[in-house]
Amino acid sequence: MANEVTKIELFGANNDGQPVRYAVNSGSSYTKGTLMFISGTGRLMISSDGGVNGLPVAGVLAADASGASYASVWTQGVFEFTASGAIVGGDPVIAIGSKNIVVTNVVAGSYVGRPGTFGYAMNTVADTERFGVRVNL
Amino acid sequence: MAEQIGQLSLRAEVIDKTIKGFATQQYKFKPALTVSSTNGWTNTFYRETPSVLTEPLGNAVKGIPRGANFPQASVSWTKISKDVEKYGIEDSIFWEDVLTDNIDVQARTMFRIAERVTKGVDDEIYNVLSEGGTPVNIGSVIIGAGSQWNGANAGIIDDLMYAKEIIGLQNYDTTNLTAFLSLKDHRSIVNYLAGKGAQFPTIGENMATNGNVGKLVGMNLVVSNSVPANQALVVVPNICATWREAYPLSTETIIDPMKSVKIRACEIGVTQLTDPRAVVLISGTAA
């Protein structure tokens, strides 16, 4: 999978990434390492395939979910993401429409406050580089 | 929907549960070290200045006059302390995968996790032995442009003998040296010796037939992926350095009942370059 989110360190009890269970659309297939978003009601989550700006992040999918009704997402840890545009270490990050891509939530040195911040950058990177994000949900 | 003849889901699938597509990373450098256990975080030794004592200016060792004072000289030592380092890696496997996967993911994870620690330790040993590719205390042979081992003007035998000479000049026994090579340099050596078949008919034939080199100019050749393509390292085994081991390579299984199995591997130790003069880095071996 392009831009798959991979774990660097899992936090939480027993270092299990503090997984949280959500309902998923049982007609869809989701791949492990996909950034998932909260949508609708009943703890439903959807994947980051297209047009998710502004939705709150659920977490990183912990296992493939194909035809299942429920899946769990890691919510605590450090994960490797792909950057869109330059990101400075320490910047809060949000997801953009493209799958598993994140951008800084800081513009001209100021926190923008766009919804959907789910962690902060662990290091400074350029466009398309892979880097660590401290996910804290 | 029910399936009919010709549909994919009816086609049989046989899964070969033997894992393929990998080769195990093994310790290559560690066997060349003396392994010694330790229970201290900081490990210290004294390295004696290897050069012969300098005679005082104007008061030579030779020719002391009757009744005169003797010339004086002192031995010097350098205190070298190194802290042990912890090498480790882990992974968690979902309990459901342990029970129901096509392959034995738990055993395979345990094996590969341990292998990764092995590689981490071995890479570090090479890094210490070669002083990170920038020799300061160890001996050095620099091969000039045009004389690389994969070139037409290679002098592989002479380069290796030069390394042996440097070690021998420091009074170390050179009858059983080990040379660590990259795969590229190993290839160059085989080609070189095969090309010299007229001068070394037995070796040349062996090179051409078997393609391997076990020993050359009295050195045991060891090939490792951890050696950069343009370097070779010649050492006196078991003398050159010591691996101070606080905790040997071990794997642990931590079970979170009915939820997950965590596999963790760890090793604690440090490489002490006790005898840098028993090591020679040959750099510039490949163009």
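The values are calculated or read from the model by the stated rules, or taken from the named source; none is laboratory data. Since the model is a prediction, treat every value here as computed from it, not as a measurement. Reconstructed Cβ throughout: ideal geometry from the backbone, glycine too, with neighbour counts over all protein chains shown. Surface accessibility is based on the protein's heavy atoms, side chains included, excluding ligands, DNA and RNA. Shrake-Rupley method; radii C 1.70, N 1.55, O 1.52, S 1.80 Å.
Couple of notes before you dig in:
- The H on the amide N of B:I89, modeled in the peptide plane, is under 5 Å from the matching H of B:A265, each at least 5 residues off or on a different chain.
- Cα gyration tensor, chain B - rounded (a/c under 1.5), prolate or oblate: oblate
- Using R0 = 30 Å, the C-beta based FRET efficiency linking B:S37 and B:N225 works out to 0.60.
- Max mean-square fluctuation residue, GNM over chain B, Cα-Cα springs under 10 Å, options B:A163, B:A152, B:A179: B:A152
- Given 14 as the ceiling on other Cβ atoms within 10 Å, longest exposed-site-free region of chain B for chymotrypsin sites (Phe, Trp or Tyr not before Pro) in DSSP loops: B:42-287
- Accessible-area value, B:L169, 1.4 Å probe, nucleic acids and ligands omitted, Å²: 120 Å²
- Helix-derived mean residue ellipticity, 222 nm - over the protein assembly as shown, DSSP H n ≥ 4, -39500 (n - 2.57), to 500: -5000 deg cm²/dmol
- Between B:T54 and A:F11, the modelled labels are 5.7 nm apart [label points 7 Å from Cα along Cα→Cβ].
- Debye, to nearest 20: dipole size of chain B, +1 on Lys, Arg Cβ, -1 on Asp, Glu Cβ: 800 debye
- Relative contact order (%) - criterion: Cα under 8 Å, at least six apart; region: chain B: 29 percent
- Of B:G63, B:G88, B:G214, the one that fluctuates the most in a GNM where chain B has Cα springs shorter than 10 Å: B:G63
- Cα centre as origin, Lys/Arg/Asp/Glu Cβ charges: chain A dipole, Debye: 280 debye
- Theoretical FRET efficiency, 1/(1+(r/R0)^6), r = Cβ-Cβ of B:S140 and B:Q7, R0 51 Å, to 0.05: 0.15
- Estimated vicinal HN-Hα couplings, Hz - the stretch B:223-230 in sequence order (Karplus 6.51, -1.76, 1.60; Gly, Pro = x): 9, 9, 5, 7, 8, x, 5, 10
- For the pair A:A23 and B:D173, label points projected 7 Å from Cα toward Cβ lie 7.7 nm apart.
- If you sort B:E13, B:E267 by accessible surface, 1.4 Å probe, largest first, the order is B:E13, B:E267.
- Chain B - accessible surface per residue (Å², probe 1.4 Å): 58 Å²
- Amide H partners (placed H, <5 Å) of A:G85, local residues excluded: A:D127, A:T128
- Note on the protein assembly as shown: with charges restricted to the Cβ of Lys and Arg (+1) and Asp and Glu (-1), its dipole about the Cα centre is near 480 debye.
- Extension gain for B:N127-B:D256 works out to 42.7 nm (0.36 nm per residue, less the C-alpha to C-alpha distance).
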